[in-house]
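A short write-up of the structure that comes next.
The values are calculated or read from the model by the stated rules, or taken from the named source; none is laboratory data. Remember, predicted model here, so these are calculated numbers, not experimental data. Cβ coordinates were reconstructed from backbone atoms using ideal geometry, including for glycine residues, and neighbour counts include every protein chain displayed. In case anyone asks, the SASA skips ligands and DNA or RNA and just uses the protein heavy atoms, side chains included. Shrake-Rupley method; radii C 1.70, N 1.55, O 1.52, S 1.80 Å.
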There are 2 protein chains.
Amino acid sequence: MTQTTEPPNFIEARKQKLLEQQRQVQELRVRMGKIKHKIAVISGKGGVGKSTVTVNLAVAFAKKGYATGILDADIHGPSVPRLLGLTGRQLKVGPPGAFPVTGPLGIKVVSIDFFLPETIPTIWRGPLKMGAIRQFLQEIVWGDLDILFIDLPPGTGDEPLTIAQFLPDMDGVVIVTMPSELSSGIVKKAITFALRLNMFIIGVVENMSGFVCPHCGQKTEIFQSGGGRSWGSISRQHTHRPENWRRS
Amino acid sequence: MTQTTEPPNFIEARKQKLLEQQRQVQELRVRMGKIKHKIAVISGKGGVGKSTVTVNLAVAFAKKGYATGILDADIHGPSVPRLLGLTGRQLKVGPPGAFPVTGPLGIKVVSIDFFLPETIPTIWRGPLKMGAIRQFLQEIVWGDLDILFIDLPPGTGDEPLTIAQFLPDMDGVVIVTMPSELSSGIVKKAITFALRLNMFIIGVVENMSGFVCPHCGQKTEIFQSGGGRSWGSISRQHTHRPENWRRS
């Protein structure tokens, strides 16, 4: 006879857990169903200006009158609050859940920065990060949005996998890169990643393409070391405009 | 009576697993015991030149005649092979395990890049990354080294936690940052992270402190937005030279 460490009512407990998970998925679908378009911004490496591109995209859409949100899914290094001047703000909590912080132009923002002091590092392994992102999608009262931008951390680990899993209806991804990455295979990795997860590639943004000296006006391509060649042909066939890409 | 999905001999199986884990830890200790000094290079955010600093440190030590190694623990975005001109190389495998690739000045290098084609993304969650790093430490025949530099990915997630767990005898960490991070709390996060895990802070490197225009020679502080102020006092009390910091 074998011993077991499970409680006697473990079948009942598992059933409850499964039901709870189903309820969570249901709640997540309802919340996310109110957001017409969801676009993730990814990069192969950090420091290419991914968060800056995310914020600029959101501001551009908000200026055109779209109801816009940003989910800062970078758990270890959230940058969005600082870029929008929202550092130190906190979410308001009501009966239906937590409400996003409203930034400039009415952009709704959620970031781990609103939960933890800015100098405390999130020393978290994958499952904890996955849980945080799930809560951001499920328990935040985003309300009716035209478009939600998701700022993902660099790399191809837990955070983007979690987003891909929970948001199968995502419109697509914008890949941000810089010139020195083009020759290094890093952009190809990001493109391969998106294709493998059936994420639609909306476009590739080449950031930091040149620095114009404020003293003499001459342009220097600081990070240039190869140039955009090979990735174009890979990504082009997958980058066309979604058909429902209109304000409805 | 409860049902159980465990096999009848699960106690024996668990015992075997535990013994296997003990054997692995033992093997790891033996392998790592041959390396006199271990230094991790960390950063709060990506794109600050962490890998470049790691490689420069390794080259500087190798030039002084120290037997030097680099463990590229950045699983999603390995940069070390490219910086040392070792892209496309593969590890040689023999009976005692896999041998690191020997780079310039005899620097021994191990990177995920030597296992996978450069354009294939590592779509891995935390536990898989943890397993890879454990294998890098345990199953690689590093041999006798004076110093091993560990290039960690940005952030405070699975990879640095794994290194801290497996290498409790590490000499310390070098934190790489850039001027724009100093005012943002990101450096403080990295420092807090290191202190919490009882990692000794050897120093903070401020990279990209200014760009000298090749056309007119004027310096522009592109990423400057605050300046190094507050973190100095936090880190200074923890940054003194380890006593055994001599070539033995």
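Details
- Being in a strand (DSSP E or B) and open to solvent by less than 40 Å² (accessible area, probe 1.4 Å) is a property that does not hold for B:LEU86.
Yes or no, residue by residue, for (1) within 9 Å of chain B (Cβ to nearest Cβ); (2) at pLDDT below 90; (3) more than 16 Å from the chain's Cα centre (by Cα):
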position: A:GLY157; (1), (2), (3): yes, yes, no
position: A:GLN165; (1), (2), (3): no, yes, no
position: A:GLY172; (1), (2), (3): no, no, no
position: A:ILE175; (1), (2), (3): no, no, no
position: A:SER180; (1), (2), (3): no, yes, yes
position: A:ILE186; (1), (2), (3): yes, yes, yes
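- Among the residues of segment A:57-75, those that are in a helix (DSSP H, G or I) and over 21 Å from A:PHE114 (Cβ atoms) comprise A:ALA60, A:PHE61, A:LYS63.
- Qualifying residue in segment B:51-70 (condition: in contact (Cβ under 8 Å) with a residue 60 or more places away in the chain, basic (Lys, Arg) and within 30 Å of A:SER180 (Cβ to Cβ)): no
- The residue of segment B:91-119 that is modelled with the lowest pLDDT, among those that are under 25 Å from B:PRO154 (Cα atoms) and open to solvent by 40 Å² or more (accessible area, probe 1.4 Å), is B:GLU118.
- Test: residue in segment A:89-101 that is of a type in the set (A, V, I, L, M, F, W, C) and within 13 Å of chain B (Cβ to nearest Cβ): no
- Taking first residues from segment B:196-218 that are more than 12 Å from B:VAL176 (Cβ to Cβ) and modelled with pLDDT of 80 or more and partners that are exposed (fewer than 13 other Cβ atoms within 10 Å of the Cβ) and among the β-branched types (Val, Ile, Thr), the Cβ contacts under 9 Å between residues at least 6 apart in sequence or on separate chains come to B:GLN218/B:VAL212.
- Residues within segment B:56-83 that are within 23 Å of B:LYS36 (Cα to Cα), open to solvent by 10 Å² or more (accessible area, probe 1.4 Å) and touching a helix residue (DSSP H, G or I) at 6+ places or on another chain (Cβ under 6 Å), tallied: 1
- When B:VAL141, B:VAL109, B:VAL101 are screened for being more than 13 Å from the chain's Cα centre (by Cα) and touching a residue at least 24 places away in the same chain (Cβ under 8 Å), only B:VAL141 passes.
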